[in-house]
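One structure below.
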Amino acid sequence: MSGSSHGFFSIARLTWLELRRRRIVLASSVGGVVLLLVFAIAVYLIHNFQRPAHPLSILESRAELQLASLAGFYAANLLAVAVAVILPLDSLSGEIASGVMQTIASKPIRRWEIVLAKFLVFWLVIAAYIAIMVSGVVFSMRLITGFSQPHAAAAAGLLVLEATVLLCVVVAGGVRLTTVSNGMVAFSLYAIAVVGGWIEQIGVTVGNSQARYVGTAISLLSPTDALWRRALNLLAPPVLSQVQTAPYLPASVPSAAMAWWSVGFAVCALALAVRWFETRQL
């Protein structure tokens, strides 16, 4: 193994050990398990004790089950967003502030290796977390109701991309900002994306093209909500998504180009993090 590879994997190993020591992964896992348990209980109660005035048709029953699964995906997405921000939040900024990074960076390890190794560990943990949460929602629906959510894998991929965008923003912010400031910036960008999504949907609903363009522009600056809306469109019942009468369903569905834009956004943010870290005085 080359010296460069050894340094990269050493940083990755230390990052993983730090996550275990601080029990961040454990806390996230416990929260995820509790969420899935509550979701499963709710689905069981709805499915087994609901007595409609008239029997539901096959189409109505399937739409109802898909809407129930959307609630699970919605909660899983919120947890994934929180994990993507909190998991790496104190890594670079905390180590820089404490002086630990001076010791690490003084060793024969290139600075870009430090950033990318940390990013890789965080990304693998977040991707695994999302995969487990999505699988838990899908499995709960399958076990309790016999319903299999279509397009769950594609939606999970969009959730991973959404979390990746936030992860890259936090990693870049960790080079320049304090821990608290970095967290505020990351959550503010997420909130701005949500506002932009709502503005775009209102514009589409009322036929206001200016509002729609403003919302789209905001989504380009912070594409996380656009990715979530695209995932929702995949998960929603086709009939209800056409008439826009159900909760959670987006009135405006971002195109596939937004997903590619998000990939470029994440790559640029990560490249900026590497560049800033290379030139930063420790």
Thr245: assigned to a helix (DSSP H, G or I), loosely packed, with under 14 Cβ neighbours inside 10 Å and at pLDDT below 85, yes or no? no
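So, Lys118, is that one assigned to a loop (DSSP other than H, G, I, E, B), over 17 Å from the mean Cα position of the chain (by Cα) and of a type in the set (Lys, Arg) or not?
no
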Inside the stretch 168-187, the number of residues satisfying the requirement of being modelled with pLDDT of 95 or more and either under 19 Å from Tyr74 (Cα atoms) or assigned to a loop (DSSP other than H, G, I, E, B) (or both) is 0
Checked pairs for the stretch 196-216, first farther than 15 Å from Pro254 by Cβ and part of a helix (DSSP H, G or I), second polar (S, T, N, Q) and modelled with pLDDT under 90, C-beta under 8 Å and 6 or more apart or across chains, list as Ile202/Asn208; Thr205/Gln244
When every residue in the stretch 101-144 that is farther than 21 Å from Gly32 by Cα and of a type in the set (S, T, N, Q) is compared, the one surrounded by the fewest Cβ atoms within 10 Å (Cβ to Cβ) is Ser106
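State yes or no: is Gln149 farther than 19 Å from Arg23 by Cα, touching a residue at least 60 places away in the same chain (Cβ under 8 Å), more than 16 Å from the chain's Cα centre (by Cα) and not in a helix (DSSP H, G or I)? Quick ask: steps written out before the conclusion?
Details: farther than 19 Å from Arg23 by Cα: yes; touching a residue at least 60 places away in the same chain (Cβ under 8 Å): yes; more than 16 Å from the chain's Cα centre (by Cα): yes; not in a helix (DSSP H, G or I): yes.
Here the answer is yes, as Gln149 does meet what is asked.
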The condition of being part of a helix (DSSP H, G or I) and of a type outside the set (Asp, Glu) holds, among Leu158, Leu89, only for Leu158
When the stretch 221-242 is checked residue by residue, the ones that are of a type in the set (S, T, N, Q) and modelled with pLDDT under 70 are Ser241, Gln242
Residue pairs within 6 Å by beta carbon, gap of at least six or interchain, first lying in the stretch 61-76 and more than 13 Å from Leu36 (Cβ to Cβ), second among the hydroxyl-bearing types (Ser, Thr, Tyr) and part of a helix (DSSP H, G or I), listed first then second, are Leu65/Thr145
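The values are calculated or read from the model by the stated rules, or taken from the named source; none is laboratory data. Just so we're clear, the structure is a prediction, and the values are computed from it rather than from any experiment. Neighbour counts are summed over all protein chains in view; Cβ atoms, including those assigned to glycine, are modelled from backbone coordinates with ideal geometry.
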